[in-house]
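Nothing in this text is a laboratory measurement; each read-out follows from the coordinates by a stated rule. Please read these numbers as outputs of a predicted model, since none were measured by experiment. All Cβ positions, glycine included, derive from the backbone under ideal geometry; neighbour counts span all protein chains shown.
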Amino acid sequence: MYENFTFRCLARSCDNFSSNSSADFAIVFGYIDAMNYNCLILSSSGSNSDFFRVVGGTRSLIQSVGVRIPDNAFHLVEAEKNASGLTLRYNGQTVLTTSEILASGLIGVGSYNDSAAFTEIEITPLESLSDKLPVFDVFTQNKHFIDIFSKGDTSFAWTATPSAPWVRLDQSSGTVDTQQRVWVSVDWDQVPLGQSSATLEIAGAGSNQTIDLSLFNPASPRPEELTGFVQSNGYISIEAEHYTNRVDRNNAGWRKIDTLGCCGDTMSILPTTTPSRQPISDILANSPLLEYQVYLWDVGSQKVTLHCIPTHAITSEQGLRYAVAFDNQTPQIVDYDTVEWSSQWTLNVLQGAAVSESTHTVSQPGSHTLRIWMVDPGVVIDKIVIGNAPTSHLGPPETAVQ
């Protein structure tokens with residue numbers, strides 16, 4: 001039985017596409033029995049590529065995927081299920097994200113009355129997050145919540161008791177009819193330096209649940225020594241309009257567009273008639289620039305993800321490209337333009353975000369500058385995420401130093 005996991009395999013349809021226009025292969029998650037499971041079908045007919053659940057023998061659509069299998073070659077299928085939901089990737093590209101609550105169960109492969117082959121199947125269980133909260137840190141002063149809910153139709157009383165005096169709750173007792181949310185925060189003036197731990201005991205409905213709390217309060221650096229954004233729980237999250245520095249060039253620059261973003265404002269180039277820039281030497285010398293001061297604890301490979309507003313290139317000669325680098329590294333050019341009416345275009349519009357990634361190497365922990373240059377006008381940046389954040393529709397909350 002798998003609750004949270006990563007899944008990876010190479011899959012191919014073995015059917016003749018000329019005689020079977022809907023040849024497919026399938027991945028099953030959360031299999032309990034033949035009447036209860038979740039299923040991903042990828043078909044040679046994109047209209048038949050769906051992710052659905054079967055409960056009590058009744059099938060219901062969770063989300064259309066829209067991917068079309070083009071040939072009989074092996075294709076990479078990946079999935080990650082965690083506390084935030086499920087993400088599915090096809091040939092390295094995200095094709096589905098859902099926050100639907102999905103049952104735990106077995107994982108399997110197959111097809112819908114067709115012939116298919118699978119190889120290099122890898123399943124890695126992920127540690128359940130149900131008994132602990134994300135790490136609290138002194139830099140972001142973050143807070144987290146616990147939902148206490150009824151699984152039946154009878155109300156019950158509950159209490160929440162922390163093991164340390166510096167754990168703060170917005171409420172410590174109550175009566176649940178349907179659901180109550182308890183916010184957990186920390187009085188940092190009382191927390192010892194270094195790494196600390198505590199527990200929160202939830203009692204109600206005849207049972208107890210212990211929630212583990214972890215705190216990060218290093219002696220050095222201290223929050224007052226840092227500016228910008230800091231890595232928290234493995235990632236940095238930045239709303240694009242909260243840049244540290246902006247450099248205009250050739251009468252063009254990044255400008256804020258109020259309230260256009262999913263959680264705030266966005267940044268885009270004005271005027272939109274600004275010419276595209278390439279190669280790298282031209283970008284470094286003439287392209288408008290945004291800079292973000294960040295502090296990283298982790299070194300090595302770092303993924304930089306940009307959440308942009310779905311747009312089209314301004315002219316047929318341009319793309320939707322930006323250049324990105326840490327510090328004085330050579331910028332990488334990223335193009336996230338999509339073909340209108342394609343499956344990726346459809347997904348971008350439905351989720352209100354065009355998500356693109358680049359991978360960089362950071363050799364030293366500490367303060368760094370993330371730089372983003374214009375390559376084409378028309379790029380509208382909403383959010384920037386560094387590292388691996390939990391999957392969510394809006395992206396993680398900002399990790400600004402408080």
Discussion item. If the elastic network links every pair of Cα atoms under 10 Å, which of MET35, MET374, MET267 fluctuates the most in the Gaussian network model of the chain?
Written reply: MET35
Worksheet item: Using a Förster distance of 35 Å, how high is the FRET efficiency between SER45 and THR124, based on the Cβ-Cβ distance and rounded to 0.05?
Response: 0.65
Discussion item. Just to be sure I follow the rule: in the chain, considering lysines 8 or more places apart or on different chains, how many pairs have Cα atoms under 28 Å apart?
Written reply: 15
Item to complete: Along Cα→Cβ, 7 Å out, is where each label goes; now give me the distance between the ones at ASP248 and HIS312 in nm to one decimal.
Response: 3.0 nm
Worksheet entry | Cα-Cα separations in segment 163-212 greater than 16 Å, expressed as whole percent | 48 percent
Response to the item:
In order over segment 63-80: 3J(HN,Hα) from phi, Karplus 6.51/-1.76/1.60, θ = phi - 60°, whole Hz, x for each Gly or Pro, gives 6, 6, 9, x, 6, 10, 6, x, 7, 8, 6, 6, 10, 7, 10, 10, 9, 9
Discussion item. What does the net charge come to around GLU122 if you take all other residues with beta carbon closer than 11 Å to its beta carbon, with K and R at +1 and D and E at -1?
Written reply: -1
Worksheet entry | Chain lengthening between THR210 and SER173 when straightened (0.36 nm per residue, less Cα-Cα) | 11.8 nm
Discussion item. Looking at the chain as a GNM with Cα springs under 10 Å, which of GLY378, GLY264, GLY253 has the largest mean-square fluctuation?
Written reply: GLY264
Worksheet item: Once you sort the root eigenvalues of the Cα gyration tensor of segment 248-309 as a ≥ b ≥ c, which label holds: rounded (a/c under 1.5), prolate (a/b larger than b/c) or oblate (the other case)?
Response: oblate
Worksheet entry | Net charge dipole size for segment 159-291 [Lys, Arg +1 and Asp, Glu -1 on Cβ; Debye, nearest 20] | 380 debye
Worksheet item: GNM, the chain, Cα, under 10 Å: largest mean-square fluctuation among THR161, THR369, THR140?
Response: THR161
Response to the item:
Quick calc: nm separation of the 7 Å Cα→Cβ label points for THR161 and SER367 -> 4.6 nm
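So how strong a dipole does the chain carry about its Cα centre when Lys and Arg Cβ are +1 and Asp and Glu Cβ are -1, to the nearest 20 debye?
240 debye
Taking a ≥ b ≥ c as the square roots of the Cα gyration tensor eigenvalues, with a/c under 1.5 meaning rounded and otherwise prolate when a/b beats b/c, else oblate, which class fits segment 54-103?
oblate
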Worksheet item: For the chain, what does the alpha-carbon gyration tensor say about shape, rounded, prolate or oblate, given a ≥ b ≥ c as the root eigenvalues, a/c under 1.5 as rounded, and a/b over b/c as prolate?
Response: oblate
